Structures are given as C-alpha cells and as structure tokens.
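Derivation of every value follows stated rules applied to the coordinates shown; laboratory data play no part. The structure displayed is predicted, hence computed values, not measured ones. Because the Cβ atoms are built from the backbone with ideal geometry, glycine has one as well, and the counts that use them run over all protein chains shown.
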Amino acid sequence: MKLTITTVFLCLVFGFVSSCTHNKSTSTQASNTTDISLQSAFAPHFNIGVAINTQQANGKDRQSVVIINRHFDTLTAENDMKWESIQPSSNNFTFEAADALVNYAKSTNKNIIGHTLVWHQQTPDWVFEDANGNLASRELLLSRMKTHIFALAGRYKDDIKGWDVVNEAFNEDGTLRESKWLQIIGDDFIEKAFEYAHQAAPNAKLYYNDYNLYKAAKMDSVIAMAKGLKAKGIRIDGIGEQGHYGVEPPLKQLELSIQKVAAAGLTMMITELDISVLKFPDENNMGADISLNFVLQDEYNPYANGISQSSYLKLAKAYKDLFRLFLTYRQDIDRVTFWGVSDNDTWRNNWPMNGRTDYPLLFDRDYQAKAFVQDLVALASEYQ
Ligand code: G3I
C-alpha cells in the first residue's frame, strides 16, 4: 500500500498498524500459523501430501516433523522406496528407511504413497546386466522387475494406499523414452509393471507419474497408454502430474490436461508440487530431467541472502493461482503433494545447478509457514 502523509499520521496517532505495513500475505515475513492446518482446510476437497526424507521419516529432523504432523495427511518417500534404496544389489533388500516411513505414517494415521517401482533413474546398473556384464535378456529383466515389485509392493500391501508404478516413461513429444526398460523388454514393460503391482498389492491404487504432463502431446500419449491398459483389463487408477513449475505455471494447459484425465475416467493427482523462483538455464528444457547439471553461476543464484519482494509476490501469486485451479477441479483431483517440507531440503537447491538457494515450498528455512499459506487456507474455505 502507498504510504501517504495522512496514513502515516493515522498510524502513529491511532495505531492502525495494519494500514502502515504491507498486507501480511504480501510480506516475505513468515506468518504465525499455529492456528491453521493445511490438511484440515483442504480435507473437504482433496488430500494434501508431502514427500519426506530419511531424517524426517525416522524422526531425527524434529522441526520438520512438527510441520508434517500438523499440515499433511499423506506421505511419499522422497527417495527411500526407489530401487537403489530398496535393492542396491541383487536380492539384497534394505527396508529400514522405508519401514521407518511406513511406521511413522501408521502411527500418525497418514496415507502412504509408494514412489516408485519402475524408473530409468536411481536403478542400479546390475538390474540391466547379466552375469557377464552384457545387456540382460527380456526374460531376466522381467523376472527382476517381478521379484522387486513383489518384494516391495507385497511387503506393504496392507499399508500403502497407492503406488507410482511407472515413473517418467514418456518424452515431451509423447514418444516412449529410450530407457533400458524399453530397450530390453519392449514397450509392454509398462503393462507388465502394472500387472505385477496389482498381483503384489491387489488393494492398492496404481498410478502413472511424470513431469510436464500439462503438455498435450505428452499427456495424450499417457492417456492412450492408460486406456490401452484398461482395455486389456489391467488396473490403472490415475495419473500424477508432478508439478515442478516456475513462477508462471502453465495454468491453461494444466486445466485442459485435468479435463482430459477426468474425461478418460482416471483420477488426477499433483504429486511433486514445487515452484522455483530461480531462472532456468535452459528455457527449452524445463521439467525434472535429473540428468541436467549446469555449472553454478552467480547470475542464476540471485537470492543467496534472501528472496526479493517481487519474486516472493510472484511465488505467492503462482501458488494462489494454482490452488484456485485445483479447487475448481476438486471433483477430479484426488491429492496435491508437495515435493519437500521446507526450503532447507528441497532438491531444487541442487537442480539443475548444484548449490543454489531456492524458495519453492510453503515453509521457509526457519520452518515457518510463508505468509501466503494463510491465503491458501482461506481459499479452501471459499469452496463447498
Ligand atoms: O544418499 C546419498 C548419500 O549417501 C550420498 O553421500 C550423497 C552424495 O551425493 O547422495 C545421496 O543421494 C542423493 C539422494 O537424492 C538422497 O539425498 C542423490 O545423490 C541425489 O541424486 C538424490 O536426488 C533425488 C532425485 O530424485 C534422484 O533420485 C532427490 O532428492 C529427489 O527429490 C528427486 O525426486 C525426483 C522424483 O523421484 C521423480 N520426479 C522428479 C523428482 C525431482 O528430481
């Protein structure tokens, strides 16, 4: 607000503090949000989830645990259920971290989303090789896929509500990604993964998960794949758009993609939401391809000592615009999950450039809710 001589006078004389300062939600200062809870505010509409790391799941990161307990009703393992964490070498299963997350979620009555069974990243090389170090055969890779899915999804079949069965199998133009899964098994690797997941965990919901699904070519192929599975009687319940955005999220395209998913009879989820305020070094290649790795340059890291007011306002606006869209389509959206608790431990600080200071989440580096979080809560109450 513009401070005129009159308003300054009113402030000083009558103590109209709120007239003198920025509106609270436009301030970069954190708000005192001990009286709000995201999960309660959004309960009538959809689940509100968060991805958590090892220290949060085992309770060592206490400040994050306070936030998780209060604000989120659904937990995803950020890394602890990926192949390299669960089966780093053949038939050597390490469930400790995953068990900790499952126990924490059960003891606090939260839903669990399993992430992820089949992905081209974070899958050790041995999975794709035979005993001589050559490319594994289709049969060998399929049997490894089945063993892994039965061990992991089977172990938590009564605990995990839904699985990201296959992650990031499509390119931006809608073609299938040239992964080892595709190369060795062929394009039925997706249906095999869904089949095995359903056999291992018959009650779990089964999802396909990817980034940039607001792009029509990519989403159209994913929906065609899902319809193909359904036509064969193979279970698939929904599609997860990860939601790694910048401060100008693709609202119109996203809206069209939500409509398409609903029209195909599938549930939509936003599974890894975060909004980077930093400039992307390659504007044509935004998304979440973790193989990107640019050298750190100061020009791409402008907020190392604090975010500017104008970037903060853009972040707040982007979140409000997105949640207005999600609430409009609340009948079609099952869950919105944030990819991390606070700006301290977001992957965005290290991607696509290692060592930046980003501000993509709802909670700041002091574990305080950003001021606009109260606006999201207020927005939720505007919808019945
Ligand atoms: O745990 C090791 C540690 O032992 C080692 O000392 C350290 C040294 O680099 O690395 C640690 O592993 C890191 C791991 O996160 C746990 O912190 C990996 O290097 C790092 O690559 C890994 O990054 C994760 C990335 O997926 C790759 O798995 C991010 O935390 C995680 O947020 C990110 O999540 C993905 C989703 O699964 C799929 N969609 C995109 C999303 C963002 O990339």
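The distance from the alpha carbon centre of region 170-202 to that of region 144-163 is 16 Å, rounded to a whole number. Angle, helix 309-328 long axis vs. longest principal axis of the chain, Cα atoms, 0 to 90°, nearest 10? Relative to the chain, helix 309-328 is tipped by roughly 60 degrees.
Looking at the square roots a ≥ b ≥ c of the eigenvalues of the Cα gyration tensor of region 134-186, which shape do they give, rounded for a/c under 1.5, prolate if a/b is larger than b/c, or oblate? The shape class here is oblate.
The residue list A43, F150, A201 was ranked by how far each Cα lies along the charge dipole of the chain toward its positive end, using unit charges on Cβ atoms, and A43 comes out on top. The number of Lys pairs in region 138-199 with C-alpha atoms less than 17 Å apart, excluding pairs fewer than 8 positions apart on the same chain, is 4. The charge dipole of the chain, taken about its Cα centre with unit charges on the Cβ atoms of Lys, Arg (+1), Asp and Glu (-1) only, comes to about 940 debye.
Entry note, the chain: relative contact order of 19 percent, from Cα contacts under 8 Å with a spacing of 6+ residues. Placing unit charges on the Cβ atoms of the charged side chains and taking the dipole of the chain about its Cα centre, the candidate lying farthest along the positive direction among A304, N212, I258 is I258. When both region 349-382 and region 94-116 are represented by their alpha-carbon centers, they are found 24 Å apart.
Of V66, V341, V247, how do they rank once you tally other Cβ atoms within 10 Å and put the fewest first?
On the way: V66 12, V341 27, V247 18.
Going from least to most buried by this count: V66, V247, V341.
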